[in-house]
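For reference, the structure is listed below as structure tokens.
None of the figures in this text is laboratory data; all of them are computed from the coordinates on show. Everything numeric in this text was worked out from a predicted model, so none of it was measured. Neighbour counts run over all protein chains shown; Cβ positions are idealised from the backbone, glycine included.
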Amino acid sequence: MIEPVFRRVLLKISGEALSGPIGFGLDARTIAYIAGEIVDVQSLGVATAVVVGGGNFIRGDVFSTEGEIDRTVADQMGMMGTIINALALQAAIEKLGVPTRVQSAIGVSQVAEPFIRRRAVRHLEKGRVVVFAAGTGNPYFTTDTAAVLRALEVEAECLLKATKVDGIYDKDPKKFPDAVRYDKLQYSEAIAKQLAIMDQTAFTMCREHKLPVIVLDLNQKGAMLRAVGGETGVGTLLGGD
């Protein structure tokens, strides 16, 4: 039996991760797999929250530069995409028997609760998974920033950033076979090495509030579970100075 080292965590999942091998939209098998990984963590008694992106439908920053759509409108479209993703994830988690609530930073009261910090904390205390959608509710802010913000608001002890690689490397491991993976990194080291871990706003908030981040491979089955259990070598632990 794994003994968790964290009582409350927040998982950041990109929208692209939900599209699985099809590369766009939603892949049912991938969503079911991710739901299972989340439920495994929650079953340890760890209060689990999730922030999901919307890049499987649209990335506002990219879409606004390639077309005639204003950046604010493009970002709002992206927020709508995160709501679709959050509802899909909620359905998959609840199919596994775990009550789940979606809270949105923009008003969509017929399908999701509004984000209310006290209500979100209460859901977590009652053993429900909470999925946060629509980012911060504002354009120009990434879902990385939203993830850090929500983690701080619900007093999560760690942010799990799920990616397609098993940690932080000194360069892109998909392009460079000699890329070196870090087991641990301090914030100051990441800055000095100019490592692109998350956007600057999110990174600065983590550093200022001493929020540890574990970057791990979402496709590595059980990685989230082992990370919450404090197993060394699972992803890269970012934190401290």
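Taking the chain as a Gaussian network of alpha-carbon nodes connected by springs under 10 Å, the highest mean-square fluctuation of the residues VAL129, VAL102, VAL165 belongs to VAL165. Among the listed options (i) 206; (ii) 139; (iii) 127, the one matching volume of the Cα convex hull per residue in Å³ as calculated from these coordinates is (iii).
A cut-off under 13 angstrom between Cβ atoms defines the neighbours of GLU94, and their net charge, with Lys, Arg +1 and Asp, Glu -1, is +3. The P(r) of region 27-145 has a tail past 24 Å containing 27 percent of all C-alpha pairs.
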